[in-house]
Amino acid sequence: MRPVPYLVTALSLLAATLVVFRAFVRHDYLTRGRLTLFSTVLEWLVFFSWGWFTWVDWPRAFPPPEVGPVLTTVGLIGIVIGMTGLFAGIAYLGFARSNGLAPDVLRRSGPYRLSRNPQVIACTVAVIGYALLWPSWHTLGWVALYAAMVHTMVLTEEEHLQDVFGDAYARYRARVPRYLGLRRRPLAVGHHGRED
């Protein structure tokens with residue numbers, strides 16, 4: 001790993017994340033109540049660029065010789081479980097809602113009873129699984145960058161959900177953890193207007 005290009009690339013991705021989520025995405029949410037196709041494409045480009053970042057130091061062998069069969073198996077299982085969970089979460093919420101194009105429902109059932117961001121949890125499992133296959137300082141930085149990027153996205157989305165759903169979202173936020181954790185009180189799931 002070449003430290004200077006690595007750090008420049010990582011900091012550039014972090015800066016791009018802040019601009020995309022805290023400027024473009026936030027502006028769309030505040031002025032339109034949903035994302036434009038342009039902001040959605042910017043979101044995808046930021047995360048695509050982050051995914052490409054792993055190829056900077058891509059090893060020639062798979063799995064790398066220093067990774068044993070146990071770590072390889074655990075990593076592959078993590079990737080499969082994480083990606084399955086991610087696509088199941090997108091299917092459950094709906095593609096348009098998952099991409100901020102139709103924020104018309106506050107989903108509080110299914111996996112959203114356990115976490116306000118189950119898709120993020122699932123993707124994190126896949127990212128950790130991937131990192132186990134290529135353990136290095138580069139990969140550790142890649143995981144840390146993912147955490148910073150996705151947290152910025154989540155904060156922007158939560159700000160919008162609070163504006164749209166008001167007290168209903170505040171109650172939901174008080175009961176269900178942002179990522180993982182213990183719930184404080186049982187969540188009553190009902191159908192009131194735009195809530196689910």
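The values are calculated or read from the model by the stated rules, or taken from the named source; none is laboratory data. Bear in mind that the values here come from a model prediction, so they are computed numbers and not experimental data. Here the Cβ positions follow ideal geometry from the backbone for every residue, glycine too, while neighbour counts run over all protein chains shown.
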Check your understanding: Mind checking which residues of the stretch 1-17 are part of a helix (DSSP H, G or I), farther than 15 Å from Glu157 by Cβ and either within 19 Å of the chain's Cα centre (by Cα) or free of Cβ contacts under 8 Å to residues at least 12 places away in the same chain (or both)?
Key -> Pro3, Val4, Leu7, Val8, Ala10, Leu11, Ser12, Leu13, Leu14, Ala15, Ala16
Revision key, fill the gap. Within the stretch 103-139, of all residues that are out of contact with any Phe, Trp or Tyr (no Cβ under 6 Å at 6 or more places or on another chain) and among the charged types (D, E, K, R), the one surrounded by the fewest Cβ atoms within 10 Å (Cβ to Cβ) is Asp104
Check your understanding: Out of all the residues in the stretch 11-28, is one or more over 21 Å from Ala144 (Cβ atoms), of a type in the set (D, E, K, R) and at pLDDT 90 or above?
Key -> yes
**Study point:** Leading residue by the ranking (nearest to the chain's Cα centre (by Cα)) among those in the stretch 25-45 that are crowded, with 18+ Cβ neighbours inside 10 Å and part of a helix (DSSP H, G or I)
**Key:** Glu43
Check your understanding: Just to be sure, is Gly68 farther than 22 Å from Leu14 by Cα and either touching a Lys or Arg at 6+ places or on another chain (Cβ under 8 Å) or at pLDDT below 90 (or both)?
Key -> yes
